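Participant: Take this structure, written in structure tokens, and hold onto it; I'll ask about it next.
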Amino acid sequence: MCGILALLGCSDDSQAKRVRVLELSRRLKHRGPDWSGIFQYGDFYLAHQRLAIIDPASGDQPLFNEDKKIVVTVNGEIYNHEKLRKLMPNHKFRTGSDCDVIAHLYEEYGENFVDMLDGVFSFVLLDTRDNSFLAARDAIGITPLYIGWGLDGSVWISSELKGLNDACEHFEVFPPGHLYSSKNGGLRRWYNPAWFSEAIPSTPYDTLVLRRAFENAVIKRLMTDVPFGVLLSGGLDSSLVASVTTRYLAGTKAAKQWGAQLHSFCVGLEGSPDLKAAKEVADFLGTVHHEFHFTVQDGIDAIEDVIYHIETYDVTTIRASTPMFLMSRKIKSLGVKMVISGEGADEIFGGYLYFHKAPNKEEFHTETCRKIKALHQYDCLRANKATSAWGLEARVPFLDKEFIDVAMSINPEWKMIKHDQGRIEKWVLRKAFDDEEQPYLPKHILYRQKEQFSDGVGYSWIDGLKAHAEQHVTDRMMFNAAHIFPHNTPTTKEGYYYRMIFERFFPQNSASLTVPGGPSIACSTAKAIEWDASWSNNLDPSGRAAIGVHNSAYDNHLSSVANGNLDTPIINNVPKMVGVGVATELTIRS
């Protein structure tokens, strides 16, 4: 993923302003370490930090149409760019970049071209013929984007908060599936799928239709001119991604360039559930497997960097981002620039353990809709920013537009968890890939219980974080929390600890408003807490908080952790890394 920054209509075309835009753009250089570019037209500035995945040699940005009257800076991947090029035979393209089609599509179709794009993207387009501009974000919000306004009447667009947080009077999250047009003076939604209304679908479940839709989504994402791999936790979602990738990699352009044997990557504490399961899946699929270990102290030492890069104080996002942040650095050090990951399946299929308590198919379906609509604030934000912090791109086939359309059209009665019929969470997805003749995965992996990433890397990770926060946040601080943080007031010491760090990096009120809040149980929305009266007394985003559902649910001792009563020496009981090198480095096994 790249980094984009645009300053539009600031009434200042001076060299000093150009230098300022370049300075702010450099804050995004981690997202695009391969090249930097800037275009200025009067008081309009478009800057770009490039991570080169497609056409590394000539695809530098900003990009232009033939006469250079239309300029665009893009972060993303357009998977159907070859098909789109064929729709415009009279256009001459300057590069082989997949994003090169955007300026030409605008020239040909105007603002309504955005829905033609099959991929993930955030872009700003400037039409110098009338000084109008257009900004847009992909359907689900897989790429991050923020919009801000200056006192001078300017509009700012940035891939990350840090690109504009101290340059704007007000800024906010640019909503997914929307575009901003200077001609119309505001935002409008371009993405309008059938499921967005939350009406209950009735399409019968068809295993082969679902299977083929996912395989197509994975195959699209094999478009690359650089080395790549898959993130493999050993859970259902990432294992299916790895399995389908392995099955279809041979014969692709990527295989011809980089070899047909897939590389897989996993991270966890020593002895964690994910490490064991991932190794088993890797052996079954025959991948070149890389296993990274970290300690609780390694993770704690990285928390400030994680919050700076992820730009949130949400507890579950930080818990899960930290291992991914550490792993991404190691992956990049091996020369890999792109990974395929399994985010999104839990939201689409109701995979979180609290869905066991969904009272009916209507509640089940509307909750999945709410979860998908909020993904850009949670898992998409984590997956994108934790990897982009080290110049690594993450692709997520479960959030393919066409796949979502297929999966969200299924009658939700099929997605319901029914123990008497042997249907556990995500049963429709598991069943679609339960092939006796040519198995995609070992049966016990295919039907492994859901583990949230922050749990699967090792249960002592979350317990250690709570203990660390207990050491640094006093009862008096918690007593005054509502006065210090009136918006999204932290309710736990762990939450307070993260909020202090976030406010130090991003002190503006607008920044705190970009982070979601509200009660949650095992990653539920606030609405779903109503499904079980006991949950309101055990609020924690960990999957183990789903008492009566998770096989390793919190017992009375661990429930006391959530109340701040855990003795702090737990940190000293966590096994330290054994190996040669600096104490805070990760170990690696390949």
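The values are calculated or read from the model by the stated rules, or taken from the named source; none is laboratory data. Quick caveat, the model's predicted, so the values are computed rather than measured. So basically every Cβ, Gly included, is an ideal-geometry build from the backbone, and we count neighbours across all protein chains shown. Ligands, DNA and RNA are stripped out before the accessible areas are found, and what is left, the full protein with its side chains, is counted by its heavy atoms. Shrake-Rupley method; radii C 1.70, N 1.55, O 1.52, S 1.80 Å.
Participant: Restricting to segment 19-37, what's the tally of residues that are touching a Phe, Trp or Tyr at 6+ places or on another chain (Cβ under 7 Å) and either modelled with pLDDT under 95 or surrounded by fewer than 17 Cβ atoms within 10 Å (Cβ to Cβ) (or both)?
Facilitator: Residues in segment 19-37 being touching a Phe, Trp or Tyr at 6+ places or on another chain (Cβ under 7 Å) and either modelled with pLDDT under 95 or surrounded by fewer than 17 Cβ atoms within 10 Å (Cβ to Cβ) (or both): 0 in total.
Participant: In segment 397-412, what residues are open to solvent by 10 Å² or more (accessible area, probe 1.4 Å) and either small (Gly, Ala, Ser) or within 10 Å of the chain's Cα centre (by Cα) (or both)?
Facilitator: Correct list: 409 only.
Participant: Taking the criterion of being aliphatic (A, V, I, L, M), over 30 Å from the mean Cα position of the chain (by Cα) and either assigned to a loop (DSSP other than H, G, I, E, B) or over 25 Å from residue 308 (Cβ atoms) (or both), would at least one residue in segment 14-34 satisfy it?
Facilitator: Residues of segment 14-34 that are aliphatic (A, V, I, L, M), as a first pass: 16, 19, 21-22, 24, 28.
When the remaining residues are screened for being over 30 Å from the mean Cα position of the chain (by Cα), the result is 16, 19.
Subsequent filtering for residues that are either assigned to a loop (DSSP other than H, G, I, E, B) or over 25 Å from residue 308 (Cβ atoms) (or both) retains 16.
Scanning segment 14-34 turns up at least one residue that is aliphatic (A, V, I, L, M), over 30 Å from the mean Cα position of the chain (by Cα) and either assigned to a loop (DSSP other than H, G, I, E, B) or over 25 Å from residue 308 (Cβ atoms) (or both).
Participant: So residue 167 ticks every box in (1) in contact (Cβ under 8 Å) with a residue 60 or more places away in the chain; (2) surrounded by 24 or more Cβ atoms within 10 Å (Cβ to Cβ) but one. Which box is left unticked?
Facilitator: Result: residue 167 fails condition (2) only.
Participant: Any residue at all in segment 355-367 that's surrounded by fewer than 21 Cβ atoms within 10 Å (Cβ to Cβ), under 18 Å from residue 229 (Cα atoms), modelled with pLDDT of 95 or more and more than 13 Å from the chain's Cα centre (by Cα)?
Facilitator: Looking through segment 355-367, none of the residues is surrounded by fewer than 21 Cβ atoms within 10 Å (Cβ to Cβ), under 18 Å from residue 229 (Cα atoms), modelled with pLDDT of 95 or more and more than 13 Å from the chain's Cα centre (by Cα).
Participant: Within segment 435-446, does at least one residue satisfy the condition of being on the phi < 0 side of the Ramachandran plot, in a helix (DSSP H, G or I) and in contact (Cβ under 8 Å) with a residue 40 or more places away in the chain?
Facilitator: Pass one, segment 435-446, residues on the phi < 0 side of the Ramachandran plot: 435-446.
This time we only want the ones that are in a helix (DSSP H, G or I), so: 443-446.
Going one step further and asking which of them are in contact (Cβ under 8 Å) with a residue 40 or more places away in the chain, we end up with 445-446.
For segment 435-446, residues on the phi < 0 side of the Ramachandran plot, in a helix (DSSP H, G or I) and in contact (Cβ under 8 Å) with a residue 40 or more places away in the chain: present.
Participant: Hey, any hits in segment 426-440 for a residue that's basic (Lys, Arg), within 21 Å of the chain's Cα centre (by Cα) and open to solvent by less than 10 Å² (accessible area, probe 1.4 Å)? It would help to see each step written out before you state the result.
Facilitator: Within segment 426-440, the subset basic (Lys, Arg) is 426, 430-431.
Checking the rest, the ones that are also within 21 Å of the chain's Cα centre (by Cα) come to 426.
Narrowing further to those that are open to solvent by less than 10 Å² (accessible area, probe 1.4 Å): 426.
The answer is yes; a qualifying residue exists.
Participant: Let me ask something additional. When only residues in segment 299-318 that are touching a Leu at 6+ places or on another chain (Cβ under 9 Å) and not β-branched (Val, Ile, Thr) count, which is nearest to residue 491 (Cα to Cα)?
Facilitator: Here the residue is 314.
Participant: Can you name the residue in segment 315-324 that is more than 12 Å from the chain's Cα centre (by Cα) and buried (at least 24 other Cβ atoms within 10 Å of the Cβ) and is also farthest from residue 504 (Cα to Cα) among such residues? Before the answer, list the steps.
Facilitator: Residues of segment 315-324 that are more than 12 Å from the chain's Cα centre (by Cα), as a first pass: 315-316, 318-319, 322-323.
Checking which are buried (at least 24 other Cβ atoms within 10 Å of the Cβ) leaves us with 315, 318-319, 322-323.
Details: 315: 17, 318: 16, 319: 19, 322: 19, 323: 22 Å.
Here the residue is 323.
Participant: Among the residues of segment 408-434, write down those that are in a helix (DSSP H, G or I) and touching a residue at least 40 places away in the same chain (Cβ under 8 Å).
Facilitator: Just the residues of segment 408-434 that are in a helix (DSSP H, G or I), to begin with: 412-414, 419-421, 427-432.
Result: 412, 413, 414, 428, 429, 430, 431, 432.
Participant: So residue 417 clears everything in (1) over 28 Å from residue 223 (Cβ atoms); (2) touching a His at 6+ places or on another chain (Cβ under 6 Å); (3) buried (at least 24 other Cβ atoms within 10 Å of the Cβ) except one condition, right? Which one?
Facilitator: Here residue 417 meets the rest and fails (3).
Participant: Determine whether segment 204-214 contains at least one residue that is of a type in the set (Val, Ile, Thr) and open to solvent by 30 Å² or more (accessible area, probe 1.4 Å).
Facilitator: Yes: one or more hits.
Participant: Related question: Of all residues in segment 216-235, which are open to solvent by 10 Å² or more (accessible area, probe 1.4 Å) and assigned to a helix (DSSP H, G or I)?
Facilitator: 216, 219, 220 - these are the residues of segment 216-235 that are open to solvent by 10 Å² or more (accessible area, probe 1.4 Å) and assigned to a helix (DSSP H, G or I).
Participant: If you check residue 53 against the conditions, is it at pLDDT below 95 and β-branched (Val, Ile, Thr)?
Facilitator: Numbers: at pLDDT below 95: yes; β-branched (Val, Ile, Thr): yes.
Judged against the criteria, residue 53 is a match.
Participant: Could you list all residues from segment 258-278 that are over 16 Å from residue 340 (Cα atoms) and either open to solvent by less than 60 Å² (accessible area, probe 1.4 Å) or not in a loop (DSSP other than H, G, I, E, B) (or both)?
Facilitator: Here is the first cut: in segment 258-278, the residues over 16 Å from residue 340 (Cα atoms) are 259, 268-277.
Within segment 258-278, 259, 268, 269, 272, 273, 274, 275, 276, 277 qualify.
Participant: So, one more: Out of all the residues in segment 136-154, which are small (Gly, Ala, Ser) and crowded, with 24+ Cβ neighbours inside 10 Å? Give the steps one after another, and end with the answer.
Facilitator: Taking segment 136-154 as the starting set, the residues that turn out to be small (Gly, Ala, Ser) are 136, 139, 141, 148, 150, 153-154.
Scanning segment 136-154 gives 136, 139, 141.
Participant: Follow-up. Just to check your reading of the model, which residue among 56, 89 is outside any helix (DSSP H, G or I), open to solvent by 20 Å² or more (accessible area, probe 1.4 Å) and more than 28 Å from residue 339 (Cα to Cα)?
Facilitator: Going through 56, 89 in turn, just one is outside any helix (DSSP H, G or I), open to solvent by 20 Å² or more (accessible area, probe 1.4 Å) and more than 28 Å from residue 339 (Cα to Cα): 89.
Participant: Does residue 174 fit the bill of being farther than 30 Å from residue 432 by Cα and open to solvent by less than 30 Å² (accessible area, probe 1.4 Å)?
Facilitator: Numbers: farther than 30 Å from residue 432 by Cα: yes; open to solvent by less than 30 Å² (accessible area, probe 1.4 Å): yes.
For residue 174, the condition - farther than 30 Å from residue 432 by Cα and open to solvent by less than 30 Å² (accessible area, probe 1.4 Å) - is met.
Participant: Being open to solvent by 10 Å² or more (accessible area, probe 1.4 Å), of a type in the set (A, V, I, L, M) and over 18 Å from the mean Cα position of the chain (by Cα) is the requirement here; does residue 105 meet it? Steps first, please.
Facilitator: Details: open to solvent by 10 Å² or more (accessible area, probe 1.4 Å): no; of a type in the set (A, V, I, L, M): yes; over 18 Å from the mean Cα position of the chain (by Cα): yes.
The answer is no for residue 105.
Participant: List the number of the failed condition for residue 213; all other conditions in (1) part of a helix (DSSP H, G or I); (2) at pLDDT 95 or above; (3) in contact with a Leu (Cβ under 8 Å, 6 or more places away or on another chain) hold.
Facilitator: With (1) part of a helix (DSSP H, G or I); (2) at pLDDT 95 or above; (3) in contact with a Leu (Cβ under 8 Å, 6 or more places away or on another chain) applied to residue 213, the lone miss is (3).
Participant: What are the residues in segment 134-164 that are β-branched (Val, Ile, Thr) and either in contact with a Lys or Arg (Cβ under 6 Å, 6 or more places away or on another chain) or in contact (Cβ under 8 Å) with a residue 60 or more places away in the chain (or both), if any?
Facilitator: Of all residues in segment 134-164, those β-branched (Val, Ile, Thr) come to 140, 142-143, 147, 155, 157.
140, 142, 143, 155, 157, listed by residue number.
Participant: Which residue is farthest from residue 397 (Cα to Cα), if the candidates are limited to segment 165-219 and must be in contact with a Pro (Cβ under 8 Å, 6 or more places away or on another chain) and of a type in the set (A, V, I, L, M)? Even if it seems obvious, please write down each step before you answer.
Facilitator: Applying the first criterion (in contact with a Pro (Cβ under 8 Å, 6 or more places away or on another chain)) to segment 165-219 yields 187, 189, 191, 194-195, 200-201, 214, 217-218.
If we keep only those that are of a type in the set (A, V, I, L, M) too, we end up with 187, 194, 200, 217-218.
Values: 187: 27, 194: 20, 200: 24, 217: 5, 218: 5 Å.
Top of the filtered list is 187.
Participant: Going through segment 478-494 one residue at a time, which ones are among the hydrophobic types (A, V, I, L, M, F, W, C), open to solvent by less than 50 Å² (accessible area, probe 1.4 Å) and not in a loop (DSSP other than H, G, I, E, B)? Full working, then the answer.
Facilitator: We begin by selecting, within segment 478-494, every residue among the hydrophobic types (A, V, I, L, M, F, W, C); these are 478-479, 481-482, 484-485.
Now narrow it down to the ones that are open to solvent by less than 50 Å² (accessible area, probe 1.4 Å): 478, 481, 485.
Those that are among the hydrophobic types (A, V, I, L, M, F, W, C), open to solvent by less than 50 Å² (accessible area, probe 1.4 Å) and not in a loop (DSSP other than H, G, I, E, B): 478, 481.
Participant: Within the set of pairs 6+ apart or on separate chains, which have a first residue in segment 347-367 that is closer than 14 Å to residue 196 by Cα, a second that is open to solvent by less than 10 Å² (accessible area, probe 1.4 Å) and β-branched (Val, Ile, Thr), and C-beta atoms under 7 Å apart?
Facilitator: Within 7 Å, the pairs are 347/368; 347/372; 348/368; 348/372; 348/404.
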